[in-house]
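**Q** Right, I'll just put the structure down here and ask away after.
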Amino acid sequence: MDKGYYSLGLLNARSLAGEHRHWMIPLRKGAQYEELRKLGKGDHLVKLKTSPQARKKWPGLGNEVTARLLTVTRKGKVCHLLTSMTDAMRFPGGEMADLYSHRWEIELGYREIKQTMQLSRLTLRSKKPELVEQELWGVLLAYNLVRYQMIKMAEHLKGYWPNQLSFSESCGMVMRMLMTLQGASPGRIPELMRDLASMGQLVKLPTRRGRAFPRVVKERPWKYPTAPKKSQSVA
């Protein structure tokens, strides 16, 4: 999650709403905390106090919240990450930091659903609320089935992760396979699925380029047009 979602009450409520629900956010600048114990290099268990306003808004929130603070350096910049994944053995700090660096992958997932699967349609086809819900579940199920097949294909590629494969190409391959399976005998289906899993080489993406331009604040446009400055000649 991003900095704009820093709310201990909201995060605590999310964790308590079910099993295996966790969060990870950047530590807010100026946040006060108390170190309880060291879990490793740049890895501490900390305690944060909650405000009366937060406790009033979130009745299940206590006076304190225990969390894990990770301090990592990325491209020369020190980052402090706060997370509910306090088990250092189950959730190694290095893996947690790498996971946070891939947080924008979910945005690409939304784009794949809307542009590739929904063909950039602005609305769903269904009109009734119950049918809209049914259609959404169908889209999510289809998306995860394609993603699962990409995982199987990545297992045949040394050094490649599933997100290094083309989703649109993989989706097309799965759709063509579904049409092939309609005329295949049941005994041949396992062989066809193994063939599909071995086709990852055909959908490999080139290495993603780094950011070409740093993030900057855009210059505010002038309210009135201005005349260009005259160039001064150098004597």
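**Q** Scan the chain and hand back the longest stretch that contains none of the GluC sites (Glu not before Pro) lying in DSSP loops with at most 15 other Cβ atoms within 10 Å.
**A** Value returned for the longest uninterrupted segment is 20-154.
**Q** Out of LYS218, LYS41, LYS57, any idea which swings most in a Gaussian network model of the chain, alpha carbons joined below 10 Å?
**A** Fluctuation is largest for LYS218.
**Q** Specify the residue with the greatest mean-square fluctuation among PRO221, PRO190, PRO206, computed from a Gaussian network of the chain linking alpha-carbon atoms under 10 Å apart.
**A** PRO221
**Q** Please give the net charge around GLU35, taking every other residue with its beta carbon less than 12 angstrom from that of GLU35, where Lys and Arg add +1 and Asp and Glu add -1.
**A** Values: positive: ARG37, LYS38, LYS47, ARG68; negative: GLU34, ASP43.
That sum, taken over residues with Cβ under 12 Å, equals +2.
**Q** Between region 87-110 and region 1-71, how far is it from one alpha carbon centroid to the other, in angstrom?
**A** Here the two parts' Cα centres lie 17 Å apart.
**Q** Region 3-102: Rg/Rh from Cα coordinates, Kirkwood Rh?
**A** On the way: Rg = 13.4 Å, Rh = 14.1 Å.
With Rh from the inverse mean 1/r over Cα pairs, Rg/Rh is 0.95.
**Q** Continuing with the same structure: Treat every Asp and Glu Cβ in the chain as -1 and every Lys and Arg Cβ as +1, leave all other atoms uncharged, and give the resulting dipole magnitude about the Cα centre to the nearest 20 debye.
**A** Value, rounded to 20: 1260 debye.
**Q** Continuing with the same structure: Please rank HIS156, HIS80, fewest neighbouring Cβ atoms within 10 Å first, as an exposure proxy.
**A** Taking fewest neighbouring Cβ atoms as first place, the list is HIS156, HIS80.
**Q** Within the set of other residues whose C-beta is less than 15 Å from the C-beta of TRP58, count the net charge using Lys and Arg as +1 and Asp and Glu as -1.
**A** With Lys, Arg at +1 and Asp, Glu at -1, the neighbours total +4.
**Q** A follow-up question, please. Multiplying the sequence separation of LYS75 and ARG90 by 0.36 nm and subtracting their Cα-Cα distance, what value in nm do you get?
**A** On the way: separation 15, 0.36 × 15 = 5.40 nm, distance 2.63 nm.
Stretched fully, the LYS75-ARG90 segment lengthens by 2.8 nm.
**Q** May I have the extent of the alpha carbons of the chain along their three principal axes, as whole Å values ordered from largest to smallest?
**A** 69, 65, 46
**Q** Rounded to the nearest 20 Debye, what is the dipole magnitude of region 1-122 about its Cα centre when Lys and Arg each give +1 and Asp and Glu each give -1 at the C-beta?
**A** Once rounded to the nearest 20, the dipole reads 420 debye.
**Q** On to the next question. Taking the Cβ of ARG188 as the center, what net charge do the other residues with Cβ under 12 Å away carry, scoring Lys and Arg +1 and Asp and Glu -1?
**A** That works out to -1.
**Q** A follow-up question, please. Which order do ARG37, ARG194, ARG147 fall in if you start with the one that has the fewest other Cβ atoms within 10 Å?
**A** Working: ARG37 7, ARG194 11, ARG147 17.
Taking fewest neighbouring Cβ atoms as first place, the list is ARG37, ARG194, ARG147.
**Q** When the chain is fully extended, how far beyond the present Cα-Cα distance does VAL132 get from MET175, taking 0.36 nm per residue of separation?
**A** Gain on stretching VAL132 to MET175: 13.2 nm.
**Q** Further, regarding this structure: Restricting to Cα pairs below 8 Å that are 6+ residues apart, what does the relative contact order work out to for the chain? Please round to a whole percent. Let's see the in-between values first.
**A** Numbers: 215 pairs, mean separation 26.5, N = 235.
The value is 11 percent.
**Q** What pairs from LYS38/LYS75; LYS77/LYS218; LYS29/LYS204; LYS41/LYS77; LYS56/LYS77 go past 28 Å between their alpha carbons?
**A** Violating the 28 Å limit, Cα to Cα: LYS29/LYS204; LYS56/LYS77.
**Q** Going by how many other beta carbons lie within 10 Å of each one, how would you line up ILE25, ILE189, ILE106, fewest first?
**A** Arranged by neighbour count, lowest to highest, ILE25, ILE189, ILE106 become ILE106, ILE189, ILE25.
**Q** I'd like the projected area of region 114-214, averaged over all directions, using the convex hull of its alpha carbons. Report it in nm² with one decimal.
**A** Mean projected area of the Cα convex hull: 9.3 nm².
Taken together, the values in this text are just the output of simple stated rules run on the coordinates, not laboratory data. Predicted, not measured: the structure shown is a model, and the values here were computed from it. We place every Cβ from the backbone using ideal geometry, glycine too, and count neighbours over all the protein chains shown.
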